[in-house]
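Written below as structure tokens is the structure these notes are about.
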Amino acid sequence: MKKKIVCLGLESTAHTFGAGIVDEKCNVLANEKSAFRTEKGGIKPSEAFDHHCKNAIGVIRGAFEKSGLSMKDIEVVAFSQGPGLGPCLRTSAVIARTLALAHNKPLVGVNHALAHIEMAKKKCSAKDPVVVYTSGGNTQILVLEEKRYRVLGETLDIGVGNLLDSFGRSLGLGFPAGPKIDEMYFESDNYVELPYSVKGMDLQFTGLLTSAEKKIGTVPEKDLSYSLMHTAFCMIAEVTERALAFTGKKEVLLTGGVACSKALQKVLGEMCEARKAKLLVCPPAYAVDNGAMIAWTGLIAFRAGKTTKISESKTIQRFRPDSVEIAWG
Ligand code: FE2
């Protein structure tokens, strides 16, 4: 009988260290994590690295306990190879290489953005979507065409999650501030004029951030938070709508950590309704950074014949999703 593939996936591109175990049907047997948090201020890569070093083994053990499996049950070891913060990325890369070598298992380096997309696609049963990938470090609109996720539009400066967290920091909220200011969106509809910056299919958020920060103390915080989010999310919706019109696709798939934003879901939902397109939102546990999405993407890549030699397993801080040929598509 053919052995069933079970994959262990490790994630550590930014603030989260995650370990997920997934089988061939995308049953998630474990999805454990530990996230670096601060009371005040943003994420410092060296502190996040320390957090990962201290918590990695406990998280991986937790995943094995949860699944009732051990390394002998694992067919392949996957890790997020990039993009991400250098010191953070190296933690899961070193552990994945060690486990693969010590237990004689194949290794698969996974593009983190593609993992967000593939997991969302599977969990939402999406067929052929326009993907809106929004997170702390990334904001991209992508479609799969001829075995590659083509980036139709993207941020030219910071990710939309970074915009929300930076603004939250200026308001004195800790990291991550996104979920806290997301609630403020529904407490106001007083729009304060802020710069709206769409350049063709691309987006810029830093001017919006600076302008909103300058207004702190002059207008109520909830009005300012509402206006900042409304501006940023309408910019994303405009580009997504154009991507739908251009490609003729009928589904929008929202993934990445900012997919959890009820405000973004509302703005995109309204646009999709007007266009008669379907909005699919990745469930929160798989939209935020997690090991299961790395395990799933590693598994489908492995099934399509892809593995990563140890000599080619160096982490890549700037690793674009459109640089990967989709062998499993
Ligand atoms: Fe992410």
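Tabulated results
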quantity	calculated
Residue match in the stretch 240-248 (condition: more than 16 Å from the ligand (Cβ to nearest atom), surrounded by fewer than 21 Cβ atoms within 10 Å (Cβ to Cβ), at pLDDT 95 or above and not in a helix (DSSP H, G or I))	yes
Close pairs from the stretch 191-216: first within 18 Å of Gly136 (Cα to Cα), partner in a loop (DSSP other than H, G, I, E, B) and of a type in the set (D, E, K, R), Cβ under 7 Å, at least 6 apart	Gln204/Asp157; Phe205/Asp157; Thr206/Asp157
Set Tyr133, Tyr149, Tyr191: member being at pLDDT 95 or above, farther than 29 Å from Asn111 by Cα and of a type outside the set (Asp, Glu)	Tyr191
Flag for Arg303 being surrounded by fewer than 23 Cβ atoms within 10 Å (Cβ to Cβ), within 15 Å of the ligand (Cβ to nearest atom), within 30 Å of Val77 (Cβ to Cβ) and among the basic types (Lys, Arg)	no
Pairs where the first residue, in the stretch 140-161, is surrounded by 20 or more Cβ atoms within 10 Å (Cβ to Cβ) and the second is assigned to a loop (DSSP other than H, G, I, E, B) and β-branched (Val, Ile, Thr), C-beta under 8 Å, 6+ apart	Tyr149/Val324; Tyr149/Ile326
Exclusive hit being in a helix (DSSP H, G or I) and either of a type in the set (Val, Ile, Thr) or touching a strand residue (DSSP E or B) at 6+ places or on another chain (Cβ under 7 Å) (or both), set Leu224, Leu208, Leu228, Leu164	Leu224
Cross-chain or 6+ apart pairs with Cβ under 7 Å, the stretch 24-38 first and within 21 Å of Gly298 (Cβ to Cβ) and at pLDDT 95 or above, then among the aliphatic types (A, V, I, L, M) and surrounded by fewer than 18 Cβ atoms within 10 Å (Cβ to Cβ)	Glu24/Ile5; Leu29/Leu69; Asn31/Ala285
Answer residue from the stretch 292-322, given it is out of contact with any strand residue (DSSP E or B) (no Cβ under 8 Å at 6 or more places or on another chain) and of a type outside the set (D, E, K, R) and is nearest to Arg90 (Cα to Cα) among those	Ser311
Among (1) modelled with pLDDT under 95; (2) within 27 Å of Arg90 (Cβ to Cβ); (3) in contact with a strand residue (DSSP E or B) (Cβ under 9 Å, 6 or more places away or on another chain) - the single one Leu142 does not satisfy	(1)
Residue match in the stretch 258-281 (condition: of a type outside the set (A, V, I, L, M, F, W, C), surrounded by 24 or more Cβ atoms within 10 Å (Cβ to Cβ) and either at pLDDT 95 or above or in the same structural domain as Gly161 (by TED's automatic domain parsing) (or both))	yes
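The values are calculated or read from the model by the stated rules, or taken from the named source; none is laboratory data. Model, not experiment: these values are computed from the prediction. Note that each Cβ is placed from the backbone with ideal geometry, even for glycine, and that neighbours are counted across all protein chains shown.
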